[in-house]
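Below: one structure, written as structure tokens.
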Amino acid sequence: MTTESSSKSRPGISTFKGEDRALRAGRLGTGGLLLSVLAATAPLMVVAGVMPTTFAVMGIVGQPLLFVVLGVVLVLFSVGYAEMSRHVHNAGAFYAYISRGLGGTAGASAALVALVAYNALQVGIYGIFGFEVSGLFATYADLSVAWWIPALVAALVVGTLGWLKIDVNARVLGVLLIIEVALVVIFDIAAVSDPAAQGLSLHAFNPDTLSGAGIGTALCFCIAAFTGFEQAPVYAEETSRPHVLVPRVMFLAVSGVAVFFALSSWALTVATGPSAIVGEAQKQSAGLLFGLTEDRLGATFTDVLHFLFVTGMFAALLSFHNVVARYAFAMGREGLLPAAFGRTNSASGAPGTGSLLQTAVSVVVIAVFAIADDKPTGDPTEPVLHLFTWFGNIGSLGVILLMAAASASVVVFFVRRGAAGAQAWRLITSALAGIALLVIAVYTVKDFDVLVGAGPDSSLSWVLPGIIGLAVLVGLAQGLVMRARRPEAHARIGLGNEAFQLEKAAEETP
């Protein structure tokens with residue numbers, strides 16, 4: 001069979017183009033994959049930013065218990081999600097799994113939601129990154145630097161690294177992550193060694209601390225801290241044994257993150273005393289951790305912590321950038337984006353066009369908020385803080401919905417394969433996780449005004465989550481149009497490189 005006859009007999013599917021249709025295998029082992037995934041959780045950013053905010057805004061002392069509860073929910077989710085990773089190896093991860101279970105149209109919708117959500121998560125971090133770097137220049141160099149300057153520089157550096165081999169990226173992420181985690185652990189030990197007047201109280205793990213109307217919204221705050229662990233399957237094509245490494249890394253990541261954050265948030269309550277943590281968080285906000293370390297570990301340690309706070313955010317930026325680039329690559333390869341996105345960089349094997357797309361989106365958004373910063377509405381930090389909170393919560397909502405849909409897809413996938421009996425316990429855990437995630441998604445939408453710091457009557461409470469809703473609808477429309485006009489391309493959604501390997505085999509058949 002010739003290439004020409006094959007392309008004519010199979011309309012809607014481009015002919016096999018060679019290795020540029022596939023990501024390079026064998027680049028990541030367990031360590032590299034784990035570090036790439038964990039970097040997106042930005043542990044220091046969570047401990048210094050998310051935790052004090054949750055204590056302050058929600059007034060719930062039991063945040064450590066929330067991390068345990070969410071850890072259980074996400075482990076349940078990971079059981080089915082990890083099993084799917086043994087059957088599906090695709091850089092499109094979420095949308096590939098959803099396609100296999102719920103069909104190509106649902107997969108097309110999930111693909112666009114994933115692209116929007118992870119872009120939002122990545123771009124949002126540039127706001128807080130630029131703000132913190134600007135503060136470091138002011139504090140240590142007595143220089144006034146607009147926040148958007150370091151943000152733009154970071155976007156260009158991240159974009160450059162995105163063109164390099166993924167194992168190079170993993171080493172950069174690994175070094176930053178290990179140092180960052182080590183410093184938080186040192187603080188945890190110092191807090192436990194030198195507790196406040198209430199001593200080593202375990203009150204924060206008491207279920208009574210979770211009573212109140214704010215529990216649902218607090219869950220929304222905390223689940224954002226886990227975002228990143230679910231990215232392991234995105235790198236499946238770049239590992240040598242994806243059916244082994246991806247499930248292993250997922251369970252290591254989610255369990256490690258849950259324990260780490262539960263203990264670190266408990267250490268904050270020990271350092272201030274459970275009865276004082278809410279008041280201290282409201283008074284010091286993101287300065288809470290740094291104030292506590294300065295009292296116990298000195299100014300030098302705190303200065304280093306400030307620096308690592310910035311490098312940790314950079315690691316998260318790079319990690320999310322890599323994920324967005326791979327989603328764009330998978331979508332381009334399957335006709336959901338222009339074909340140019342479905343090509344890899346010939347030198348490094350990285351998804352270069354997807355990397356360029358993510359960089360361009362970042363630069364444009366930073367520029368828009370920089371222009372807004374020239375016209376402050378009373379508070380010159382508003383644009384940068386809005387960039388972080390608005391985009392971060394848009395992204396979190398998208399990921400929560402994707403996890404819920406993936407849980408449903410796991411159930412349908414194995415039932416359709418006649419494996420419901422053999423996979424019964426995995427289907428049960430997936431169903432339970434899916435229900436829990438849907439509940440969290442409902443609370444996220446309901447309390448979006450609280451999450452982004454807007455008033456209850458603000459249009460932001462529906463405009464911002466509406467971005468994810470619009471992505472859902474546009475993706476569904478794209479899937480329906482593709483099914484009507486290019487049915488073979490629609491059938492290929494979620495197959496990833498498998499479709500091209502099959503096509504290559506067909507073309508090589510005499």
Where N is the number of residues in the range 78-184, Cα Rg divided by 2.2 N^0.38 Å: 1.44
Span-like helix ranges in the chain, DSSP H, alpha carbon extent 20 angstrom or more, Kyte mean at least -0.5: 63-87, 104-140, 148-162, 166-193, 242-272, 288-333, 352-373, 382-416, 424-446, 460-485
Principal axis box of the chain, alpha-carbon based, largest edge first, Å: 80, 54, 46
Percent breakdown of C-alpha pair distances by 5 Å bin, ordered from the shortest bin, for the range 353-498: 2, 8, 11, 14, 16, 15, 13, 9, 6, 3, 2, 1, 0
Hull shadow area, averaged, the range 57-103 [alpha-carbon convex hull, nm²]: 4.9
Share of carbon and sulfur in the accessible heavy-atom surface of the range 207-323 [1.4 Å probe, %]: 62
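The values are calculated or read from the model by the stated rules, or taken from the named source; none is laboratory data. Bear in mind the structure is a predicted one, so any value in this text is a computation, not a measurement. The protein model used for the area step is the full one, side chains on, heavy atoms only, and it has no ligands, DNA or RNA in it. Shrake-Rupley method; radii C 1.70, N 1.55, O 1.52, S 1.80 Å.
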